[in-house]
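Data first, discussion second: the structure below is written as structure tokens.
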Amino acid sequence: MSVIRKSNKLINVCYDIRGPVMQEAKRLEDEGHRVLKLNIGNPAPWGFNAPEEIVQDVIHNLSEAQGYCDSKGVFSARKAVMHECQRKSIRNITLDDIYIGNGVSELIVMAMQGLLNDNDEMLIPAPDYPLWTAAVSLSGGTPVHYRCDEHNEWFPDIDDIREKITEHTRGIVVINPNNPTGALYPESLLLQILELAREHSLIVFADEIYDKILFNGAEHTSLAALADDVLCLTFNGLSKTYRAAGFRSGWMIVSGPKHRARDYIEGLDMLASMRLCANVPAQYAIQTALGGYQSINELIIPGGRLYEQMELAHRLLNAIPGVSCVKPKGALYLFVKLDPEFYPIHNDEKFALDLLQQQKVLIVQGSGFNLQDTQHFRLVFLPSVDLLSEAIERIAIFLKTYEQ
Ligand code: PLP
């Protein structure tokens, strides 16, 4: 009998966050082991519940949410996103420029599918949130990774970006605050990126899903707020700030010289129509989430749970010989470096598997974020301080004797 194969479109598509290491964790759990899972930025299972008022709004509107809605989203949700644009100084946004999706994930894939032809290139940070790379490959484009510099707070290396722009480059992805590094980019750097975009007619894709998860009083500037003459697609949603990842609700905002992108926008509208609409009940959470009490602010200040967990995990990891990580300014992750003099790692997926099998701690290896080197891993600091202490102690024990 002939073998049934996946499509050629998927051959270069890779998404390791839920890859083989996670499958092994599942197998261990099925066998009855307790696995400490520090691998996914999913706040609710760690007790970071969504604000009660947004849950209640979904329940309250459930009976109104039985039918399909406009393929770009319900009015109240898009209106709320429009007001959010005013707060973030993103100008000239109408309801028509806003698309509600089943999470940012769906909109990322839509934005890439709508734009890229074979051989088109997309600049993506390394390390990245790997869905961006996967979505570019799936769309027939070529992901081209630009360097983010660990020795400079993981900021994008502007010279590297410049060198990698070719006649095929269509756009640049900027993840700010960044997953996996926790970096937050200053306005001066954003302006330099915009200058390159302007010079080479690139579209800017700004993934700002962590824009309100900021530590130590840091402030976030939306890329789209800094340029009216560069086409920007800005992405955000309920999954992180509002801890409602399971609602699958996000939005995309098109700003800048939209008249030059009429055809692309027509493509986006068609893709939005083809999936009829995003999950309607969850859209009723958006207005309350954006306009209501911003409970995330309590979690990210000293004494707040997320802040304290970040501080503790950062301190404990840096105390292990040969282990270091840049302190995150935002998001939910620590991107940890293993000094090759102490721990030469040739295969970081094997490293993650060995750690899982020996100590039952699940992290994601750096190469899962399209990083070339094998000396990094990502750890999520959503678990409680007790669990984080236990997991990091196990990592320290594991490293004491680990050799590859
Ligand atoms: N963008 C970034 C940078 C993320 O970290 C994530 C999820 O971890 C997403 C997008 C996907 O978000 P959503 O749950 O809205 O699909």
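None of the figures in this text is laboratory data; all of them are computed from the coordinates on show. Every value quoted in this text rests on a predicted model; they were computed, and no experiment measured them. A quick note on method: Cβ atoms are made from the backbone with ideal geometry, for glycine too, and the neighbour counts reach across all protein chains shown.
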Among 202-209, 2-9, 294-301, 366-373, how do they line up by average Cβ neighbours within 10 Å per residue, starting with the highest? 202-209, 366-373, 294-301, 2-9
Quick check on segment 52-291: take the gyration tensor over C-alpha atoms, sort the square-rooted eigenvalues as a ≥ b ≥ c, and tell me if it's rounded (a/c under 1.5), prolate or oblate. prolate
Computed over the chain: longest principal axis from alpha-carbon atoms vs helix 52-61 long axis, angle to nearest 10 degrees, is 40
Along the principal axes of its C-alpha atoms, what lengths does the chain span, in descending order and rounded to whole Å? 60, 59, 51
May I ask for the net charge around ILE345, where only other residues with Cβ less than 11 Å from the Cβ of ILE345 are counted and Lys, Arg are +1 while Asp, Glu are -1? -4
Leading residue at positive end of dipole, the chain (Cβ point charges), from LEU276, ILE300, ILE193: LEU276
Rounded to the nearest 20 debye, what is the charge dipole size of the chain about its Cα centre when +1 sits on each Lys and Arg Cβ and -1 on each Asp and Glu Cβ? 780
Average Cα contact separation per residue, the chain, under 8 Å, 6 or more apart, as relative contact order %: 24
Check: segment 52-291 dipole with +1 on Lys, Arg Cβ and -1 on Asp, Glu Cβ, in debye: 640
Quote the charge dipole size of segment 280-361 about the Cα centre in Debye, to the nearest 20; the model charges only the Cβ of Lys and Arg (+1) and of Asp and Glu (-1). 160
Which is farthest toward the positive dipole end of the chain among PRO328, MET22, ALA218, measuring Cα position about the Cα centre, with Cβ charges +1 (Lys, Arg) and -1 (Asp, Glu)? MET22
C-alpha long axis of helix 305-318 to longest principal axis of the chain, angle in °: 40
Honestly segment 324-404 on the Cα gyration tensor test (a ≥ b ≥ c root eigenvalues; a/c under 1.5 rounded, otherwise a/b vs b/c for prolate or oblate) is just oblate
Part-to-part distance (alpha-carbon centres) for segment 83-139 and segment 351-380, which is given in Å: 27
Which of LYS6/LYS26; LYS164/LYS240; LYS88/LYS329; LYS26/LYS327 have a Cα-Cα distance over 21 Å? LYS6/LYS26; LYS164/LYS240; LYS26/LYS327
Rounded to 10°, Cα long-axis angle of helix 262-274 versus longest principal axis of the chain: 70
With a point put 7 Å past each Cα toward its Cβ, work out how far MET1 is from ASP70 in nm, to one decimal. 4.9
For the LYS327, ARG305 Cβ pair and Förster radius 25 Å, calculated FRET efficiency rounded to 0.05 is 0.90
Extension gain (nm, one decimal) between ASP386 and GLN56, 0.36 nm per residue minus Cα-Cα: 115.7 nm
